[in-house]
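The next block holds one structure in the form of structure tokens; read it before the comments.
The values are calculated or read from the model by the stated rules, or taken from the named source; none is laboratory data. The shown structure was predicted, so the numbers you read here are calculated from the model rather than taken from an experiment. Using ideal geometry, Cβ is built from the backbone for each residue, glycine included, and neighbour counts are taken over all protein chains shown.
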Amino acid sequence: MNDALATRLAALGPEQRARLRAALPQQRPDSGELTPGQLRLWQVHHQVEGRPVDVVCQAVRLSGAPVDLGLLAERVRGFVTAHEALRTTFETSGDGTVRRVVHRELAPRLSRIRCADEAEAHAAAGRLAAEPFDLATGPLLRVALAEGPAAGLAWVLVAVHNLVFDAWSFELLLDELARETATPAPSRPFGSFVHDQASWLRGPDGRAGAAHWAAETADAPAPLPTDRPRDGRTRRTGKRIGFTLPASVADAVAASAKKEAATAYTGWLAVAWAAFAEFGGSEDTLLGTFTTGRNRPGTETVVGYLLNVLPVRLRDSGTGSHRDRVRAVRTATRAGLKHASYPGELIDAGRRVAGTHPLLDAVFVFDNLGADERRIQGAHVTTTDLDKGTARFDLTLAVYPGPDGVAGWLEFDTGLYDEATVRRLAERFTALAHTVAQEADQ
């Protein structure tokens, strides 16, 4: 501290000192407590015997320009240094309590390999994810930097446990790899989010959230029918049925939503509702939906598992038209948006699903985080979320919009569903989307 600053501080009165302390950021001790979402993931990890149910597995294809894989390795290491979540392990005490342990240093598992083609790269990423993660020792981030058969082709293969990482975190990692300057992006520790979330839950907004979601899930419909009974002992072996839809259909769904002052997400959720309502035999449908968990100031720079899975209750479809469904979805999601910070694991609902989530059996995913074109060292970036042969929920319907239309998949638990059943559901979803486009043309 220089003399001038010391003199000025010494001259401050008690009230001025108090105001200064209040304005300065406080370094709070980290209790190591897990968020409700993390606690569920920890329990699932042990329930499925370490299989990669809650593991992010992404293949990042870099094409069109040579890249310096050594520099990318440095960026990965720097990213881990900057974000405490990636230097975290989990320990269990004698009474069964789980806590986070943040290490000053915990290097990621980083390797260099060669891949002859896309299939070989994807297979290598799958092996990274399939090897069981030791939550007590870590590291929980694995990255393989793969040279391709030519100078203008390479891959960054990422496998990381969801306990310390989510889809938004992946985008922050890509931002770091693409950064041109030597100065790292600003970051905020995950522990501060845990503290703030706990404080928020104890306050009036937390209580309002609890009341909202309890009312929203009251007398909720039964879970969707399955080909085999739910017994809660599933290993979550899964499979995906992929589908694509042309840009004309994607544009029509987005345009139909825009006419009702709604987003493309709302339009696609309305299509999903129609498909699941037919499948379950009831308009009253309860689906899970993901929120980023980053709606409070400062959380946009936090790496970790902030993702929140919340229910959306869809009941009154009016005439059953797509327009009426969009309006109903818009109303339900806007009401829920006010309480999106409330952890889905804490919702007090009478319905319980035997499986890996206490409330939800079917989930809708709309992911447009990577829709914008991105380049790393001049190379074009293409990301692929890889099928790990697992199922996080009984059914997960994912929609990924892009410049050429929509790619997506319907993931299912093979212990509960036959492939033919799920294929019919996927075909019905795409048929309903085509119907929206046909009605728009008329």
For this session: Tell me, yes or no, whether the range 202-213 has at least one residue that is in a loop (DSSP other than H, G, I, E, B), loosely packed, with under 15 Cβ neighbours inside 10 Å and free of Cβ contacts under 8 Å to residues at least 60 places away in the same chain.
Result: yes
Exercise. Just to be sure, is L173 within 28 Å of E33 (Cα to Cα) and in contact with a Pro (Cβ under 7 Å, 6 or more places away or on another chain)?
Worked result: no
Exercise. Within the range 266-273, can one find any residue that is modelled with pLDDT of 95 or more, farther than 20 Å from Y417 by Cβ, touching a Ser or Thr at 6+ places or on another chain (Cβ under 7 Å) and of a type in the set (V, I, T)?
Worked result: yes
Seminar exercise, completed: Note on A124: of the conditions (1) surrounded by 15 or more Cβ atoms within 10 Å (Cβ to Cβ); (2) more than 30 Å from E345 (Cβ to Cβ); (3) among the small types (G, A, S); (4) modelled with pLDDT under 95, unmet is (4)
Problem set entry | Residue that is within 17 Å of E84 (Cα to Cα) and either at pLDDT below 95 or part of a helix (DSSP H, G or I) (or both), where the choices are S192, S199 | S192
For this session: Assess whether R75 counts as being in a helix (DSSP H, G or I) and within 28 Å of A150 (Cβ to Cβ).
Result: yes
Problem set entry | Selection count, the range 355-373, where residues are buried (at least 17 other Cβ atoms within 10 Å of the Cβ), not in a strand (DSSP E or B) and not β-branched (V, I, T) | 6
For this session: Run down A151, A182 and say which single residue is among the small types (G, A, S), touching a residue at least 60 places away in the same chain (Cβ under 8 Å), within 23 Å of Q377 (Cβ to Cβ) and part of a loop (DSSP other than H, G, I, E, B).
Result: A151
For this session: Scan R179, R142 and give me the residue that is surrounded by 15 or more Cβ atoms within 10 Å (Cβ to Cβ), of a type in the set (D, E, K, R) and under 19 Å from the mean Cα position of the chain (by Cα).
Result: R142
Problem set entry | Residue ID - surrounded by the fewest Cβ atoms within 10 Å (Cβ to Cβ), chosen from residues in the range 302-321 that are farther than 28 Å from G206 by Cα and in contact with an Asp or Glu (Cβ under 7 Å, 6 or more places away or on another chain) | G318
For this session: Tell me which residues, restricted to the range 374-406, are in a loop (DSSP other than H, G, I, E, B), charged (D, E, K, R) and either surrounded by fewer than 20 Cβ atoms within 10 Å (Cβ to Cβ) or out of contact with any helix residue (DSSP H, G or I) (no Cβ under 6 Å at 6 or more places or on another chain) (or both).
Result: R374, D387, R392, D394, D404
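Here's the yes/no breakdown for (1) on the phi > 0 side of the Ramachandran plot; (2) assigned to a strand (DSSP E or B); (3) among the acidic types (D, E); (4) free of Cβ contacts under 8 Å to residues at least 24 places away in the same chain:
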residue: G32; (1), (2), (3), (4): yes, no, no, no
residue: L41; (1), (2), (3), (4): no, no, no, no
residue: V53; (1), (2), (3), (4): no, no, no, no
residue: R61; (1), (2), (3), (4): no, yes, no, no
residue: P66; (1), (2), (3), (4): no, no, no, no
residue: G70; (1), (2), (3), (4): no, no, no, yes
residue: E91; (1), (2), (3), (4): no, yes, yes, no
residue: G96; (1), (2), (3), (4): yes, no, no, yes
residue: S111; (1), (2), (3), (4): no, yes, no, no
Problem set entry | Filter result (surrounded by 14 or more Cβ atoms within 10 Å (Cβ to Cβ), in contact with a helix residue (DSSP H, G or I) (Cβ under 9 Å, 6 or more places away or on another chain) and outside any helix (DSSP H, G or I)) within the range 322-354 | H339, A340, S341, Y342, P343, I347, A349
